[in-house]
Amino acid sequence: MSQLSLKVEFGGGIELLFSKKHTITVELPALVPTDDSTDDQSLMEDTAKEKKPANLAYLVLYLRDRLLTERAELFVENGTVRPGILVLVNDTDWQLEGEGDYELKDKDNIVFISTLHGG
Amino acid sequence: MSALPLLDYQRYGRQMILDGIGFPGQVKLRKASVAVVGAGGLGCPALQYLCAAGIGRIGIIDHDRVELSNLQRQILHTEETIGLHKAESAARALKSMNSDVLLDVQTVAVVADNARELLAPYDILLDCTDNVPTRYLLSDTAVALGKPLVSGAAQKFEGQLSVFNYGANGPCYRCLYPTPPPRETVGSCAELGIFGVVTGTIGNLQALETIKIILGLHDETPALLIFSALGTPPFRSIKLRSKKESCLACGKSPRIPSSTDYVQFCGGPAPDWVSLGQSSGKANQRAKVEELRQAIESGVELSIIDVRPPTEFGICQLPGSRNIPLKALLEDPKKCIDSGTEPVYVVCRLGNDSQIAAKALRSQIEGEITVKDVIGGLQAWSKEIDPSFPIY
């Protein structure tokens, strides 16, 4: 089964939720459990779980469960990113790419950026 | 074709000889009017370049007054204009640079009741403000008036730039952000910090986008420019969605009532951290700065824990105080208390984080140790005890 290697970037303050890291590499299997579980066991190739192609919605949950170091509600609300966070797929607003339904591809560049308000 | 004043050919000659501007372009600039809302970090550089380029009429709208802490980035204001309205201070600077430009100085706050009337006279609006409610208000007003909105924002080392409600199908601010961010995720420049060159960069780019629109040189593609001063590369341009049919402001069936309370919509007013930090709290849980001074001078053993971030602790600190940033303290409050029995005083900048820290410490302590936090924080220390202690 193939693996996806994703470049994930954080900006506008979102990096503070992820150990102040601006860029990380996330390795995900191309197929992930349909129940959205994110533990190692569920991600094993030989798990009996039903699988679906990894999409952006799954990546959001994976980041929340596996890499977030602050309170989850600062990143996720109602199963998707909270208001005020822009998600970009290869330099395009995810709203143009199907939002959470966008199926991740190897080497995709995903950016989570908080909208700024100061001036 | 109307001629320009004779001296304008000299003043604007360097830009008039550019293909794409020329004589007709300069006339367009002269006939154009723009409103700059906010004469702060973004507004100052935007105003400076718009005025220098020869825009005919500029509205400067800001109800704030100039403070010393503004001068690091709000480059039209000077030591002499501290205390003046920013709109007035900016107008003085612009007048000495280009006396030909008509400047409308407005020292009122833009609110739902006056926004349309204030902004109607102008062709293009610039959002150079510093808060979420006004950003929604300006976007809704731009849609209602049918004018493009050149929107800039900046915080820390990062900036963002977009043109909203422009072109055949350009989105408005609400198309992108139908729901405001939770109140607690929004900080101000005073809380989070801002680097002057960053607001300068975004403000300059707002002037550029505005001028491109006036000259017809803008390609109308909806985009968000993201600037990260420390990033490599520092700029990236993001392709944005077009207008959203379901948008409450600019969609098929608009339904934004003109009586909208934008502050409530965005989760209520910004907390007044200075006042909150000065609350007297429960008896024996908070100490006045005078009590801390007496405790220090009495020579008794005591422990002072400063819960600010390390960078702020590095700016100034009370002698003998230990820096344990709030986050680290909350992770393991027990570890922060020495085995002794001396009283603990917790301090921070204004006296808010210290309340959280002291509460966490108290909940973990067994025995007789007194834990208090300092009312008004180090700012109160400077104002009431030691005027030579820096305020930042």
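Rounded, prolate or oblate, given the Cα gyration tensor of chain A, with a/c below 1.5 counting as rounded?
Because a/c hits 1.5 or more and a/b exceeds b/c, chain A counts as prolate.
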Checklist entry - How high is the relative contact order of chain B, in percent, counting Cα pairs under 8 Å that sit 6 or more residues apart? => result 12 percent
Next on the checklist: Give me the percent relative contact order of segment B:69-223, please, defined on Cα pairs under 8 angstrom at least 6 residues apart.
Outcome noted: 20 percent
Checklist entry - Whose amide H sits under 5 Å from the amide H of B:R322, counting only residues 5 or more places off or on another chain, with H placed in the peptide plane? => result B:I304, B:I305, B:D306
Next on the checklist: What does DSSP give for the protein assembly as shown in terms of the percent of beta bridges that are antiparallel, rounded to the nearest 5?
Outcome noted: 50 percent
Checklist entry - At a probe radius of 1.4 Å, what is the per-residue accessible area of B:L7, in Å² to the nearest 10? => result 120 Å²
Checklist entry - So how tilted is helix B:86-97 from the main axis of chain B? Cα-based, degrees 0 to 90, rounded to 10. => result 50 degrees
Item to check | Relative contact order of chain A, pairs being alpha-carbon contacts under 8 Å that are 6 or more residues apart, as % | outcome: 35 percent
Item to check | Between helix A:56-66 and chain A: long-axis angle, C-alpha atoms, 0 to 90°, nearest 10 | outcome: 90 degrees
Item to check | Under 18 Å from B:K252, Cα to Cα: lysines that are on another chain or at least 8 residues apart | outcome: B:K147, B:K243, B:K244
Checklist entry - When only the heavy atoms of the protein chains count and the probe is 1.4 Å, how do B:D373, A:D46, A:D36 rank by accessible area, highest first? => result A:D46, A:D36, B:D373
Checklist entry - Expressed as an acute angle from 0 to 90° and rounded to the nearest 10, what is the orientation of the C-alpha long axis of helix B:22-31 relative to the principal long axis of chain B? => result 60 degrees
Next on the checklist: Checking the table A:K20/A:K51; B:K156/B:K335; A:K107/B:K212; A:K105/B:K239 against a 30 Å threshold on Cα-Cα, which pairs fail?
Outcome noted: A:K20/A:K51; B:K156/B:K335; A:K107/B:K212
Checklist entry - What shape does the protein assembly as shown take by its C-alpha gyration tensor, where a ≥ b ≥ c are the square roots of the eigenvalues and a/c under 1.5 counts as rounded, a/b above b/c as prolate, and the rest as oblate? => result oblate
Checklist outcome for this item: Quick tally, 1.4 Å probe accessible area for A:K7, A:K107, sorted with the most first, runs A:K107, A:K7
Next on the checklist: With bins 5 Å wide starting at 0, give me the P(r) of segment B:32-270 over every alpha carbon pair, in whole percents.
Outcome noted: 1, 7, 14, 19, 21, 18, 12, 5, 1, 0, 0
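The values are calculated or read from the model by the stated rules, or taken from the named source; none is laboratory data. Just so it is clear, the model here is predicted, and its values are computed rather than measured. Accessible surface areas use protein heavy atoms only, side chains included; no ligands, DNA or RNA. Shrake-Rupley method; radii C 1.70, N 1.55, O 1.52, S 1.80 Å.
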